[in-house]
Amino acid sequence: MAGRHERQGGRGGRRSWPTTLYVAAVLCFTVYLLLDTFVIQRTYSAIAVGSAAKTAETSSSSTATTNAEKASTTDASDSGTSVSLSTSRYEDTTVYVVDIYTDDVTSLMAALANDTYGKNVTETTSQMAEDNNATVAINGDYYGARNSGYVIRDGILYRDTAASSDQEDLVIYSDGTFDIVTEGSVTAEDLLANGAWQVFSFGPGLIDDGSITVTANSEVDQAMASNPRTAIGKVADGHYVLVVSDGRTSESAGLTLYQLATYMSDELGCETAYNLDGGGSSTLYYDGSVVNNPTTNGDKITERSVSDIVYLTA
Amino acid sequence: MVCGGLSAIYEYFSHGVYSKFMVFLFAVPLVAGAVPALVLVLLGREPSASVRRLWACAVLTLSLGFCMAGVLEIYGTSSDLVRVYWILAPVLATAAVVSEVRTARGRRAGC
(Lines give C-alpha, C1' and ligand atoms only; values in the text may rest on other atoms or scores of the structure.)
Protein backbone atom coordinates (compact mmCIF):
# COMPACT_ATOMS: atom_id res chain seq x y z
CA MET A 1 0.00 0.00 0.00
CA ALA A 2 2.81 2.39 0.97
CA GLY A 3 4.61 1.52 -2.29
CA ARG A 4 1.53 2.29 -4.35
CA HIS A 5 1.15 5.61 -2.53
CA GLU A 6 4.81 6.45 -3.29
CA ARG A 7 4.38 5.48 -6.94
CA GLN A 8 1.30 7.68 -7.17
CA GLY A 9 3.16 10.53 -5.45
CA GLY A 10 6.20 10.10 -7.75
CA ARG A 11 4.04 10.43 -10.85
CA GLY A 12 2.26 13.44 -9.37
CA GLY A 13 -0.89 11.37 -9.04
CA ARG A 14 -2.70 14.11 -7.15
CA ARG A 15 -4.62 16.33 -9.53
CA SER A 16 -2.93 19.71 -9.98
CA TRP A 17 -5.62 22.32 -10.18
CA PRO A 18 -3.28 25.21 -11.05
CA THR A 19 -2.06 23.25 -14.06
CA THR A 20 -5.58 22.37 -15.13
CA LEU A 21 -6.65 25.98 -14.75
CA TYR A 22 -3.67 27.23 -16.73
CA VAL A 23 -4.29 24.77 -19.57
CA ALA A 24 -7.96 25.78 -19.67
CA ALA A 25 -7.00 29.46 -19.67
CA VAL A 26 -4.47 29.18 -22.48
CA LEU A 27 -6.92 27.16 -24.58
CA CYS A 28 -9.64 29.76 -23.99
CA PHE A 29 -7.17 32.46 -24.98
CA THR A 30 -6.38 30.55 -28.16
CA VAL A 31 -10.08 30.34 -29.02
CA TYR A 32 -10.42 34.08 -28.38
CA LEU A 33 -7.44 34.79 -30.64
CA LEU A 34 -9.07 32.83 -33.45
CA LEU A 35 -12.40 34.57 -32.94
CA ASP A 36 -10.71 37.97 -32.82
CA THR A 37 -8.84 37.25 -36.04
CA PHE A 38 -11.57 35.62 -38.11
CA VAL A 39 -15.00 36.36 -36.61
CA ILE A 40 -15.39 39.38 -34.37
CA GLN A 41 -16.36 42.42 -36.39
CA ARG A 42 -14.82 45.80 -35.70
CA THR A 43 -15.59 49.02 -37.53
CA TYR A 44 -13.33 52.05 -37.80
CA SER A 45 -13.65 55.58 -39.12
CA ALA A 46 -11.87 57.16 -42.04
CA ILE A 47 -8.76 59.16 -41.21
CA ALA A 48 -8.80 61.84 -43.89
CA VAL A 49 -10.42 62.84 -47.16
CA GLY A 50 -8.14 63.79 -50.00
CA SER A 51 -8.55 66.38 -52.71
CA ALA A 52 -9.16 63.65 -55.26
CA ALA A 53 -12.28 62.56 -53.39
CA LYS A 54 -13.64 66.09 -53.23
CA THR A 55 -12.94 66.70 -56.91
CA ALA A 56 -14.55 63.41 -57.91
CA GLU A 57 -17.63 64.19 -55.85
CA THR A 58 -18.06 67.51 -57.62
CA SER A 59 -17.58 66.06 -61.08
CA SER A 60 -19.84 63.05 -60.45
CA SER A 61 -22.75 65.25 -59.44
CA SER A 62 -22.42 67.35 -62.58
CA THR A 63 -21.97 64.19 -64.67
CA ALA A 64 -25.07 62.68 -63.09
CA THR A 65 -27.07 65.71 -64.14
CA THR A 66 -25.69 65.52 -67.67
CA ASN A 67 -26.34 61.76 -67.89
CA ALA A 68 -29.91 62.20 -66.72
CA GLU A 69 -30.52 64.58 -69.56
CA LYS A 70 -28.94 62.22 -72.08
CA ALA A 71 -30.35 58.94 -70.73
CA SER A 72 -33.05 58.40 -73.27
CA THR A 73 -30.86 58.90 -76.32
CA THR A 74 -27.29 57.73 -75.52
CA ASP A 75 -25.50 54.56 -74.52
CA ALA A 76 -22.64 54.03 -72.06
CA SER A 77 -19.85 54.56 -74.57
CA ASP A 78 -20.93 58.17 -75.20
CA SER A 79 -20.21 59.07 -71.58
CA GLY A 80 -16.47 58.52 -72.24
CA THR A 81 -16.29 55.09 -70.66
CA SER A 82 -16.57 51.73 -72.34
CA VAL A 83 -15.91 48.21 -71.14
CA SER A 84 -15.59 44.88 -72.87
CA LEU A 85 -15.02 41.33 -71.64
CA SER A 86 -12.86 38.72 -73.34
CA THR A 87 -11.96 35.19 -72.35
CA SER A 88 -8.90 33.19 -73.31
CA ARG A 89 -6.90 30.10 -72.34
CA TYR A 90 -3.37 30.45 -71.03
CA GLU A 91 -1.25 27.82 -69.29
CA ASP A 92 -4.23 25.42 -68.98
CA THR A 93 -6.19 28.19 -67.31
CA THR A 94 -9.20 30.27 -68.29
CA VAL A 95 -8.37 33.94 -68.06
CA TYR A 96 -10.93 36.73 -68.16
CA VAL A 97 -9.95 40.23 -69.18
CA VAL A 98 -12.05 43.35 -68.91
CA ASP A 99 -10.75 46.20 -71.02
CA ILE A 100 -11.76 49.59 -69.71
CA TYR A 101 -11.47 52.71 -71.81
CA THR A 102 -12.16 55.85 -69.88
CA ASP A 103 -11.12 59.49 -69.87
CA ASP A 104 -11.54 59.64 -66.12
CA VAL A 105 -9.85 57.04 -63.91
CA THR A 106 -12.00 58.14 -60.98
CA SER A 107 -14.78 56.19 -62.65
CA LEU A 108 -12.81 53.17 -61.39
CA MET A 109 -14.24 53.10 -57.91
CA ALA A 110 -13.99 50.98 -54.80
CA ALA A 111 -16.72 49.72 -52.54
CA LEU A 112 -16.53 48.34 -49.02
CA ALA A 113 -18.53 45.42 -47.65
CA ASN A 114 -21.74 46.70 -46.05
CA ASP A 115 -20.43 50.15 -46.95
CA THR A 116 -18.35 49.91 -43.78
CA TYR A 117 -14.62 50.05 -43.15
CA GLY A 118 -13.57 47.51 -40.57
CA LYS A 119 -12.22 44.10 -39.67
CA ASN A 120 -14.15 40.91 -40.45
CA VAL A 121 -16.75 42.98 -42.32
CA THR A 122 -17.31 41.03 -45.51
CA GLU A 123 -19.72 40.53 -48.38
CA THR A 124 -19.57 38.73 -51.68
CA THR A 125 -18.21 40.61 -54.68
CA SER A 126 -21.48 40.18 -56.54
CA GLN A 127 -23.54 41.61 -53.67
CA MET A 128 -21.32 44.69 -53.40
CA ALA A 129 -21.45 45.07 -57.18
CA GLU A 130 -25.24 44.93 -57.20
CA ASP A 131 -25.48 47.37 -54.30
CA ASN A 132 -23.39 49.85 -56.28
CA ASN A 133 -25.00 49.25 -59.69
CA ALA A 134 -21.68 48.09 -61.06
CA THR A 135 -21.28 47.08 -64.67
CA VAL A 136 -18.03 45.29 -63.86
CA ALA A 137 -16.41 44.46 -60.52
CA ILE A 138 -13.51 42.44 -59.18
CA ASN A 139 -12.49 41.64 -55.64
CA GLY A 140 -10.00 44.07 -54.12
CA ASP A 141 -7.06 43.56 -51.79
CA TYR A 142 -9.10 42.17 -48.85
CA TYR A 143 -7.66 44.83 -46.55
CA GLY A 144 -9.83 43.49 -43.71
CA ALA A 145 -7.75 40.33 -43.40
CA ARG A 146 -4.76 42.32 -42.20
CA ASN A 147 -4.07 44.82 -39.48
CA SER A 148 -1.68 46.95 -41.50
CA GLY A 149 -1.06 48.19 -45.02
CA TYR A 150 -2.25 51.45 -46.52
CA VAL A 151 -5.91 51.70 -47.41
CA ILE A 152 -7.12 54.56 -49.60
CA ARG A 153 -10.40 54.16 -51.40
CA ASP A 154 -12.02 56.74 -53.65
CA GLY A 155 -9.66 59.36 -52.30
CA ILE A 156 -10.41 58.63 -48.64
CA LEU A 157 -7.68 57.45 -46.26
CA TYR A 158 -8.76 54.67 -43.94
CA ARG A 159 -5.49 53.14 -42.74
CA ASP A 160 -2.03 54.68 -42.64
CA THR A 161 -0.15 51.90 -40.86
CA ALA A 162 2.57 50.44 -43.05
CA ALA A 163 2.65 46.65 -43.32
CA SER A 164 6.42 46.67 -43.80
CA SER A 165 9.01 48.90 -45.40
CA ASP A 166 9.17 46.73 -48.52
CA GLN A 167 5.41 46.17 -48.90
CA GLU A 168 4.55 47.05 -52.50
CA ASP A 169 1.38 49.04 -53.05
CA LEU A 170 -0.42 50.09 -56.20
CA VAL A 171 -1.29 53.77 -56.29
CA ILE A 172 -3.88 54.97 -58.80
CA TYR A 173 -3.77 58.73 -58.99
CA SER A 174 -6.75 60.79 -60.02
CA ASP A 175 -4.91 61.90 -63.17
CA GLY A 176 -4.79 58.28 -64.36
CA THR A 177 -1.22 57.52 -63.32
CA PHE A 178 -0.47 54.04 -62.01
CA ASP A 179 2.52 53.75 -59.70
CA ILE A 180 3.94 50.92 -57.62
CA VAL A 181 5.52 52.16 -54.41
CA THR A 182 6.90 50.62 -51.25
CA GLU A 183 5.30 51.63 -47.99
CA GLY A 184 8.70 52.39 -46.50
CA SER A 185 9.35 55.08 -49.10
CA VAL A 186 6.22 57.18 -48.66
CA THR A 187 3.51 57.78 -46.08
CA ALA A 188 -0.16 57.25 -46.77
CA GLU A 189 -0.79 60.89 -45.95
CA ASP A 190 1.70 61.96 -48.62
CA LEU A 191 0.04 59.70 -51.17
CA LEU A 192 -3.32 61.23 -50.33
CA ALA A 193 -1.93 64.74 -50.56
CA ASN A 194 -0.43 63.94 -53.96
CA GLY A 195 -3.82 62.98 -55.36
CA ALA A 196 -4.01 59.26 -54.76
CA TRP A 197 -7.45 57.95 -55.72
CA GLN A 198 -6.93 54.29 -54.83
CA VAL A 199 -4.13 52.57 -52.92
CA PHE A 200 -4.06 48.79 -52.71
CA SER A 201 -1.80 46.90 -50.33
CA PHE A 202 -1.51 43.28 -51.37
CA GLY A 203 0.93 42.70 -54.17
CA PRO A 204 3.42 42.03 -55.32
CA GLY A 205 3.79 44.38 -58.21
CA LEU A 206 3.83 42.39 -61.45
CA ILE A 207 4.93 44.92 -64.05
CA ASP A 208 6.47 48.33 -63.55
CA ASP A 209 7.52 50.70 -66.32
CA GLY A 210 6.88 47.93 -68.83
CA SER A 211 9.17 45.37 -67.16
CA ILE A 212 8.10 42.26 -65.27
CA THR A 213 9.15 42.68 -61.65
CA VAL A 214 8.25 39.26 -60.24
CA THR A 215 10.57 36.33 -60.87
CA ALA A 216 9.86 32.69 -61.58
CA ASN A 217 12.54 31.73 -59.08
CA SER A 218 11.31 33.92 -56.28
CA GLU A 219 11.45 32.41 -52.83
CA VAL A 220 8.09 33.95 -52.00
CA ASP A 221 5.77 31.01 -51.65
CA GLN A 222 2.87 32.59 -53.42
CA ALA A 223 4.95 33.11 -56.53
CA MET A 224 5.59 29.40 -56.93
CA ALA A 225 2.07 28.06 -56.64
CA SER A 226 -0.63 28.02 -59.29
CA ASN A 227 -3.79 29.68 -58.04
CA PRO A 228 -6.78 31.69 -59.14
CA ARG A 229 -5.59 35.27 -59.56
CA THR A 230 -6.95 38.79 -59.67
CA ALA A 231 -4.94 41.65 -61.06
CA ILE A 232 -5.31 45.19 -62.31
CA GLY A 233 -3.18 46.91 -64.90
CA LYS A 234 -2.68 49.92 -67.09
CA VAL A 235 -2.01 49.47 -70.79
CA ALA A 236 -1.85 53.11 -71.76
CA ASP A 237 -3.38 56.42 -70.76
CA GLY A 238 -7.12 55.87 -70.68
CA HIS A 239 -6.86 52.09 -71.14
CA TYR A 240 -6.98 49.85 -68.08
CA VAL A 241 -7.50 46.12 -67.59
CA LEU A 242 -8.98 43.95 -64.90
CA VAL A 243 -7.74 40.36 -65.06
CA VAL A 244 -9.14 37.34 -63.28
CA SER A 245 -8.02 33.75 -63.77
CA ASP A 246 -9.67 30.55 -62.64
CA GLY A 247 -7.71 27.85 -60.82
CA ARG A 248 -7.71 24.87 -58.44
CA THR A 249 -10.06 22.96 -60.73
CA SER A 250 -9.64 20.22 -63.29
CA GLU A 251 -10.43 22.72 -66.03
CA SER A 252 -8.10 25.47 -64.87
CA ALA A 253 -4.81 24.83 -63.12
CA GLY A 254 -4.34 28.45 -62.10
CA LEU A 255 -1.40 30.76 -62.66
CA THR A 256 1.77 31.49 -60.79
CA LEU A 257 2.50 35.17 -60.28
CA TYR A 258 5.18 35.01 -62.93
CA GLN A 259 2.77 33.46 -65.43
CA LEU A 260 0.23 36.16 -64.59
CA ALA A 261 2.83 38.87 -65.10
CA THR A 262 3.97 37.32 -68.37
CA TYR A 263 0.39 37.14 -69.62
CA MET A 264 -0.33 40.76 -68.74
CA SER A 265 2.92 41.87 -70.36
CA ASP A 266 3.00 39.74 -73.51
CA GLU A 267 -0.72 39.31 -74.22
CA LEU A 268 -2.14 42.57 -72.93
CA GLY A 269 0.82 44.94 -73.22
CA CYS A 270 0.52 46.32 -69.71
CA GLU A 271 3.03 48.94 -68.65
CA THR A 272 2.00 48.59 -65.01
CA ALA A 273 0.28 45.65 -63.35
CA TYR A 274 -0.41 44.68 -59.78
CA ASN A 275 -1.56 41.50 -58.06
CA LEU A 276 -4.66 41.68 -55.88
CA ASP A 277 -6.09 39.07 -53.54
CA GLY A 278 -6.36 35.71 -55.29
CA GLY A 279 -7.24 32.17 -54.42
CA GLY A 280 -10.82 31.75 -53.34
CA SER A 281 -11.33 35.51 -53.42
CA SER A 282 -10.85 35.86 -57.18
CA THR A 283 -14.19 36.94 -58.58
CA LEU A 284 -15.23 38.79 -61.72
CA TYR A 285 -18.70 40.29 -61.91
CA TYR A 286 -19.78 41.51 -65.32
CA ASP A 287 -23.08 42.77 -66.61
CA GLY A 288 -25.16 41.34 -63.79
CA SER A 289 -23.49 38.02 -63.01
CA VAL A 290 -20.32 36.34 -61.84
CA VAL A 291 -18.55 35.14 -64.99
CA ASN A 292 -15.56 33.22 -63.60
CA ASN A 293 -15.50 30.13 -61.38
CA PRO A 294 -14.54 31.27 -57.88
CA THR A 295 -13.51 28.42 -55.64
CA THR A 296 -11.50 27.95 -52.46
CA ASN A 297 -10.59 24.27 -52.63
CA GLY A 298 -11.68 23.36 -56.14
CA ASP A 299 -14.52 21.13 -55.03
CA LYS A 300 -17.26 23.75 -54.99
CA ILE A 301 -17.80 26.82 -57.14
CA THR A 302 -18.90 29.54 -54.77
CA GLU A 303 -17.98 33.12 -54.01
CA ARG A 304 -15.95 34.00 -50.98
CA SER A 305 -17.03 36.97 -48.91
CA VAL A 306 -14.41 39.70 -49.10
CA SER A 307 -13.93 43.14 -47.62
CA ASP A 308 -13.81 45.28 -50.75
CA ILE A 309 -14.17 45.45 -54.51
CA VAL A 310 -13.04 47.55 -57.43
CA TYR A 311 -15.84 48.41 -59.79
CA LEU A 312 -17.00 50.58 -62.61
CA THR A 313 -20.37 51.68 -63.80
CA ALA A 314 -20.53 52.22 -67.53
CA MET B 1 3.24 13.30 -33.47
CA VAL B 2 0.05 15.28 -33.00
CA CYS B 3 1.83 18.51 -33.85
CA GLY B 4 3.53 16.93 -36.84
CA GLY B 5 0.24 15.54 -38.11
CA LEU B 6 -1.56 18.84 -37.68
CA SER B 7 1.24 20.63 -39.47
CA ALA B 8 1.22 18.19 -42.39
CA ILE B 9 -2.57 18.28 -42.80
CA TYR B 10 -2.74 22.07 -42.63
CA GLU B 11 0.01 22.52 -45.19
CA TYR B 12 -1.62 19.99 -47.53
CA PHE B 13 -4.63 22.30 -47.77
CA SER B 14 -2.71 25.55 -47.87
CA HIS B 15 -2.46 25.70 -51.67
CA GLY B 16 1.29 26.08 -51.78
CA VAL B 17 1.58 28.67 -49.03
CA TYR B 18 3.90 27.65 -46.23
CA SER B 19 4.76 29.04 -42.82
CA LYS B 20 8.01 28.38 -41.00
CA PHE B 21 6.01 28.17 -37.79
CA MET B 22 3.84 25.41 -39.17
CA VAL B 23 6.84 23.61 -40.72
CA PHE B 24 8.68 23.49 -37.39
CA LEU B 25 5.65 22.97 -35.16
CA PHE B 26 6.54 19.29 -34.79
CA ALA B 27 9.97 20.24 -33.45
CA VAL B 28 8.67 22.16 -30.44
CA PRO B 29 7.48 19.23 -28.31
CA LEU B 30 10.36 17.17 -29.66
CA VAL B 31 13.17 19.59 -28.86
CA ALA B 32 11.61 21.17 -25.78
CA GLY B 33 9.93 18.06 -24.43
CA ALA B 34 11.39 14.72 -25.43
CA VAL B 35 15.04 15.80 -25.61
CA PRO B 36 15.23 17.34 -22.09
CA ALA B 37 13.36 14.30 -20.73
CA LEU B 38 15.89 11.95 -22.33
CA VAL B 39 18.80 13.97 -20.99
CA LEU B 40 17.38 13.86 -17.47
CA VAL B 41 16.89 10.11 -17.69
CA LEU B 42 20.49 9.67 -18.81
CA LEU B 43 21.65 11.87 -15.93
CA GLY B 44 19.57 9.85 -13.52
CA ARG B 45 17.62 12.84 -12.32
CA GLU B 46 13.89 13.06 -11.84
CA PRO B 47 12.47 16.56 -11.41
CA SER B 48 9.65 17.12 -9.01
CA ALA B 49 6.06 17.02 -10.18
CA SER B 50 5.73 20.81 -9.98
CA VAL B 51 8.80 21.32 -12.18
CA ARG B 52 7.49 18.83 -14.74
CA ARG B 53 4.12 20.60 -14.81
CA LEU B 54 5.69 24.02 -15.27
CA TRP B 55 7.86 22.74 -18.12
CA ALA B 56 4.92 20.95 -19.74
CA CYS B 57 2.90 24.16 -19.62
CA ALA B 58 5.80 26.00 -21.25
CA VAL B 59 5.98 23.43 -24.06
CA LEU B 60 2.20 23.52 -24.53
CA THR B 61 2.24 27.33 -24.69
CA LEU B 62 5.09 27.43 -27.17
CA SER B 63 3.41 24.76 -29.33
CA LEU B 64 0.15 26.71 -29.38
CA GLY B 65 2.08 29.85 -30.28
CA PHE B 66 3.75 28.14 -33.23
CA CYS B 67 0.41 26.71 -34.33
CA MET B 68 -1.43 30.03 -34.17
CA ALA B 69 1.41 31.97 -35.79
CA GLY B 70 1.47 29.39 -38.59
CA VAL B 71 -2.28 29.50 -39.14
CA LEU B 72 -2.25 33.29 -39.33
CA GLU B 73 0.80 33.40 -41.59
CA ILE B 74 -0.72 30.92 -44.04
CA TYR B 75 -3.98 32.89 -44.05
CA GLY B 76 -1.98 36.04 -44.74
CA THR B 77 -2.79 37.96 -41.61
CA SER B 78 -1.30 38.60 -38.19
CA SER B 79 -2.36 39.31 -34.63
CA ASP B 80 -0.65 41.14 -31.79
CA LEU B 81 -2.18 38.60 -29.41
CA VAL B 82 0.35 35.97 -30.56
CA ARG B 83 2.94 37.84 -28.48
CA VAL B 84 1.29 36.42 -25.36
CA TYR B 85 2.61 32.96 -26.23
CA TRP B 86 6.15 34.26 -26.81
CA ILE B 87 6.06 35.93 -23.37
CA LEU B 88 4.40 33.16 -21.35
CA ALA B 89 6.43 30.22 -22.67
CA PRO B 90 9.87 31.46 -21.60
CA VAL B 91 8.46 32.71 -18.29
CA LEU B 92 7.10 29.26 -17.50
CA ALA B 93 10.28 27.55 -18.68
CA THR B 94 12.39 29.88 -16.53
CA ALA B 95 10.18 29.21 -13.54
CA ALA B 96 10.63 25.47 -14.07
CA VAL B 97 14.41 25.77 -14.26
CA VAL B 98 14.59 28.05 -11.21
CA SER B 99 12.37 25.71 -9.26
CA GLU B 100 14.49 22.70 -10.20
CA VAL B 101 17.74 24.49 -9.29
CA ARG B 102 16.37 25.47 -5.90
CA THR B 103 15.12 21.96 -5.27
CA ALA B 104 18.51 20.49 -6.23
CA ARG B 105 20.29 22.92 -3.89
CA GLY B 106 17.90 22.00 -1.15
CA ARG B 107 18.65 18.31 -1.65
CA ARG B 108 22.40 18.93 -1.56
CA ALA B 109 22.04 21.07 1.56
CA GLY B 110 19.97 18.32 3.14
CA CYS B 111 22.66 15.78 2.34
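Looking only at the range B:77-111, count how many residues are within 11 Å of chain A (Cβ to nearest Cβ) and part of a helix (DSSP H, G or I). Don't jump to the end; show me each part of the working.
Keep residues of the range B:77-111 that are within 11 Å of chain A (Cβ to nearest Cβ), which gives B:77-85, B:88-89, B:92.
Next cut, part of a helix (DSSP H, G or I) only: B:80-85, B:88-89, B:92.
The number of residues fulfilling the criteria is 9.
With respect to A:Gly233, determine if the residue is in contact with a strand residue (DSSP E or B) (Cβ under 9 Å, 6 or more places away or on another chain), touching a residue at least 24 places away in the same chain (Cβ under 8 Å) and assigned to a loop (DSSP other than H, G, I, E, B). Don't jump to the end; show me each part of the working.
Numbers: in contact with a strand residue (DSSP E or B) (Cβ under 9 Å, 6 or more places away or on another chain): yes; touching a residue at least 24 places away in the same chain (Cβ under 8 Å): yes; assigned to a loop (DSSP other than H, G, I, E, B): no.
Here the answer is no, as A:Gly233 does not meet what is asked.
Filter the range B:25-47 for residues that are assigned to a loop (DSSP other than H, G, I, E, B) and within 16 Å of B:Val101 (Cα to Cα) and give the result.
Within the range B:25-47, B:Gly44, B:Arg45, B:Glu46, B:Pro47 qualify.
State all residues of the range A:241-290 that are touching a Cys at 6+ places or on another chain (Cβ under 7 Å) and either buried (at least 24 other Cβ atoms within 10 Å of the Cβ) or modelled with pLDDT under 95 (or both); if no residue qualifies, say none.
A:Met264
When the residues of the range B:44-66 are narrowed to those that are closer than 30 Å to A:Lys119 by Cα and touching a Leu at 6+ places or on another chain (Cβ under 6 Å), which ends up nearest to the other protein chains (Cβ to nearest Cβ)?
Residue satisfying both the conditions and the ranking: B:Thr61.
Select, from A:Asp160, A:Asp131, the only residue that is away from chain B (no Cβ under 14 Å), charged (D, E, K, R) and in contact with a helix residue (DSSP H, G or I) (Cβ under 6 Å, 6 or more places away or on another chain).
None of the others qualify; the one that does is A:Asp160.
If you take the residues of the range A:160-179 that are outside any loop (DSSP other than H, G, I, E, B) and within 15 Å of the chain's Cα centre (by Cα), which of them is surrounded by the most Cβ atoms within 10 Å (Cβ to Cβ)?
Here the answer is A:Asp169.
The values are calculated or read from the model by the stated rules, or taken from the named source; none is laboratory data. Just so you know, these numbers come straight off a predicted model, no measurement behind them. Here Cβ is always computed from backbone atoms with ideal geometry, including for glycine, and neighbour counts include all displayed protein chains.
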